[in-house]
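Enquirer: Following this message is one structure expressed as C-alpha cells.
The values are calculated or read from the model by the stated rules, or taken from the named source; none is laboratory data. This structure is a prediction, so every number in the text was calculated from the model and none was measured. Note: ideal-geometry Cβ built from the backbone for every residue, glycine included; neighbour counts use all protein chains shown. Please note that ligands, DNA and RNA were not included when accessible areas were found on the heavy atoms of the full protein model with its side chains. Shrake-Rupley method; radii C 1.70, N 1.55, O 1.52, S 1.80 Å.
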Amino acid sequence: MIPPAANHADPVDLLNVEFMSRFPRVAARQLETMPLRDAASLLDGYPLEAVAATWARLAPGVTDKLLPMLPVDHAIAILHDMDPGPAAAILARLDDAHRDQYLERMHEGEASELRSMMEYPENTAGRMMSSRIIAFDRDMTVGEVLSQLRNQKISSLLNLFLLDDAMRLCGQVDTQRIALADSSQTLDSLAIPLRGYLSHMDPEEEVLAAFEKTRASVLPVVDVEMHLVGIIHQNEVMEAVRQDLATDLQTMVGVSKDERALSSSWFAVKKRLPWLQINLATAFLASAVVGAFEATIAQFTALAILLPIAAGQSGNTGAQALAVTMRGLTLREITTRHWLRVMRKELVAGIVNGLAIAVTCGVGVYFWSGSEGLALIIGLAMIASMSIAAVAGALVPIVLKKLGQDPAASSSIILTTITDVAGFLSFLGIATALSGMLTTG
C-alpha cells in the first residue's frame, strides 16, 4: 500500500480501496508497520467506507497516534462509524485537548453517551487503570513489531499483549523473548498464556486480589467483549492500598473518609459527633456491667485497680483479630462463607495467647498483692476475655459484610463495646464467683 495520489481514479488508489475493503485485517497490519505520517496520509485520502473496516482492526496504540493526525472532520466521522464502546476507549486514551475537540463537534446525544462510557465508578479497575496501551496482532512477526515500536517511538515496554482476529485479548509475550527471537518468528509462536486480566468494572478488592494471586507487575484490563482498554501497574495498586488503609483507619474509629488534616473544625465536628454519641452509648453499656458488680468492687477494692488490665488485654486481642480479618476480606483471601474456619482459628489463638498472658499476669498480680485468689481470678479472666475478644474480632467484620454493610465503617466501635463488656464481665463475674478466695479491702 502506498499513499494515494490526488486523483482517486488512479488505478493504484482503486486497488488500495478494494484491498482495504476486502482484506481489512491484512491492510491493518500493513498500516501498522508504515511510518505514522504515511499511514495517516493514506487513510485521509480514501473514503470512510473503505477506511472503516480497516480502522476497526488497527491495534490500540496505533489508533491513538493516527487519529490526531487526521483532519478533525475525518476523525469524527471515523469515531461516529465505530461502536460506542471502542470509540469511547480510543477517546479515553487521547489527551484532553484532542478529546474535547472531537466531543465538542459531535452531536450532543452522541457526545454525552461517549462521555458516560468513559467514566468509571469509584474504586473500580477502570478508574485505576492507565489507558496508555499498545497491543499487537498475534500473527505479526518480530520484525514487524520492532518496526512498529520504532515508528511509535516506544522506548520502554515490559510485556506485549496480543490480540486475535476479532481484536480480543488472547495472550502476551515477554519483551526478552522478542529481543532473542528471529525476526521472521510470529508473536503467536512466542506467546505465553495471560498471567491474569481484570474487567474494567472489577471492584478494587478484586484488583488487589488479582495482583496478590498472580504476583504480576502489570495486568491488562478488558471490557465485556475482551477488548483491551487499559493496564494497571502494581505500584499504582500499592498506592491505592496505602490510601485505603489510611481511609480505613479513619472510618474504623468513626472519622469520615472525606476529612483531611486541614479540614475546617465545623466539618470535623459534623462528621465525628454522631459516632462519638454512639460510642458514648456503648460506654454506658460497659459502665452498666461494672455497676452490676458494685458491691463486689466495694468489698474488694483491688479489683478496681486491675479492671483496666482486663479490658486492655481484651481490646488488644480483638483489634489484632479484626485487622487480620479485615485484610482477608479486602484482599478476597476469605469470604463470609469462611466464618467458621476463621472463628475457630481465632478462638484457638485467643485461648493459647490467653493462657500465656494468664501465667504472666497471674505471677505479677501475686507478687503485687500476695493473694493467690486474686492471681487465679485475673488469670482465668485473661483466658476468658481474650478468647471472646478474638472470636468477636473475627466475626464482627464478617457479619457486617454479610449484612451488606461496610466493615470498615463501624467494626471498631462495635468491637470495642464487646471487648470492654467481655473484659469487665469476665473479671468481675469470676471474682464474684470466687470471692471466698479474696481478702476484703
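Enquirer: Please find, within the range 121-132, the residue that is nearest to residue 92 (Cα to Cα) out of those that are of a type outside the set (D, E, K, R) and modelled with pLDDT under 80.
Expert: From the range 121-132, those of a type outside the set (D, E, K, R) are 121, 123-126, 128-131; that's our starting set.
Among the residues that remain, those that are also modelled with pLDDT under 80 are: 121, 123, 131.
On the way: 121: 15, 123: 18, 131: 7 Å.
Per the stated criteria, the residue is 131.
Enquirer: I'm trying to understand the selection: among the residues of the range 31-45, which are aliphatic (A, V, I, L, M) and either over 18 Å from residue 13 (Cβ atoms) or touching a helix residue (DSSP H, G or I) at 6+ places or on another chain (Cβ under 6 Å) (or both)? Reasoning before the result, please.
Expert: Step one: filter the range 31-45 for residues aliphatic (A, V, I, L, M), giving 31, 34, 36, 39-40, 42-43.
Correct list: 31, 36, 39, 40, 43.
Enquirer: The conditions are (1) at pLDDT 85 or above; (2) under 28 Å from residue 196 (Cα atoms); (3) assigned to a helix (DSSP H, G or I); (4) not polar (S, T, N, Q), and residue 89 fails exactly one of them. Which is it?
Expert: In the conditions (1) at pLDDT 85 or above; (2) under 28 Å from residue 196 (Cα atoms); (3) assigned to a helix (DSSP H, G or I); (4) not polar (S, T, N, Q), residue 89 misses (1) alone.
Enquirer: If I ask for residues that are in contact with a Ser or Thr (Cβ under 8 Å, 6 or more places away or on another chain), open to solvent by 30 Å² or more (accessible area, probe 1.4 Å) and over 30 Å from residue 346 (Cβ atoms), which ones from the range 289-322 would you list?
Expert: 299
Enquirer: Taking the conditions exactly as written (crowded, with 16+ Cβ neighbours inside 10 Å, without any contact (Cβ under 8 Å) to a residue 60 or more places away in the chain and of a type outside the set (Val, Ile, Thr)), does residue 354 satisfy them or not? Even if it seems obvious, please write down each step before you answer.
Expert: Numbers: crowded, with 16+ Cβ neighbours inside 10 Å: yes; without any contact (Cβ under 8 Å) to a residue 60 or more places away in the chain: yes; of a type outside the set (Val, Ile, Thr): yes.
It is true that residue 354 is crowded, with 16+ Cβ neighbours inside 10 Å, without any contact (Cβ under 8 Å) to a residue 60 or more places away in the chain and of a type outside the set (Val, Ile, Thr).
Enquirer: Here's a follow-up. If residue 71 satisfies all but one of (1) more than 22 Å from residue 29 (Cα to Cα); (2) open to solvent by less than 30 Å² (accessible area, probe 1.4 Å), what's the number of the condition it fails?
Expert: (2)
Enquirer: Residues to consider are 423, 436; find the one that is open to solvent by less than 20 Å² (accessible area, probe 1.4 Å), of a type in the set (Gly, Ala, Ser), at pLDDT below 90 and in a helix (DSSP H, G or I).
Expert: On the way: 436 fails: open to solvent by less than 20 Å² (accessible area, probe 1.4 Å).
That would be 423, the only listed residue that is open to solvent by less than 20 Å² (accessible area, probe 1.4 Å), of a type in the set (Gly, Ala, Ser), at pLDDT below 90 and in a helix (DSSP H, G or I).
Enquirer: Output the number of residues of the range 370-419 satisfying the condition of being of a type in the set (A, V, I, L, M, F, W, C) and under 31 Å from the mean Cα position of the chain (by Cα).
Expert: So in the range 370-419, the residues of a type in the set (A, V, I, L, M, F, W, C) come out as 374-378, 380-384, 386, 388-392, 394-396, 398-400, 403, 408-409, 413-415, 418.
Applying the additional criterion that residues be under 31 Å from the mean Cα position of the chain (by Cα) yields 389-392, 394-396, 398-400, 403, 408-409, 413-415, 418.
Number satisfying all stated conditions: 17.
Enquirer: Now, a different point. Within the bounds of the range 328-339, is there any residue that is part of a helix (DSSP H, G or I), at pLDDT 90 or above, on the phi < 0 side of the Ramachandran plot and of a type outside the set (Phe, Trp, Tyr)?
Expert: No, the conditions are met nowhere in the range 328-339.
Enquirer: Would you point out the residue of the range 94-112, among those that are in a helix (DSSP H, G or I) and either open to solvent by 60 Å² or more (accessible area, probe 1.4 Å) or touching a residue at least 60 places away in the same chain (Cβ under 8 Å) (or both), that is farthest from residue 130 (Cα to Cα)? Break it down into steps so the answer makes sense when it comes.
Expert: Filtering the range 94-112 for residues in a helix (DSSP H, G or I) gives 96-104, 108-112.
If we keep only those that are either open to solvent by 60 Å² or more (accessible area, probe 1.4 Å) or touching a residue at least 60 places away in the same chain (Cβ under 8 Å) (or both) too, we end up with 96-97, 100-101, 104, 108, 112.
Values: 96: 14, 97: 18, 100: 19, 101: 21, 104: 24, 108: 27, 112: 22 Å.
Restricting to residues being in a helix (DSSP H, G or I) and either open to solvent by 60 Å² or more (accessible area, probe 1.4 Å) or touching a residue at least 60 places away in the same chain (Cβ under 8 Å) (or both), the top hit is 108.
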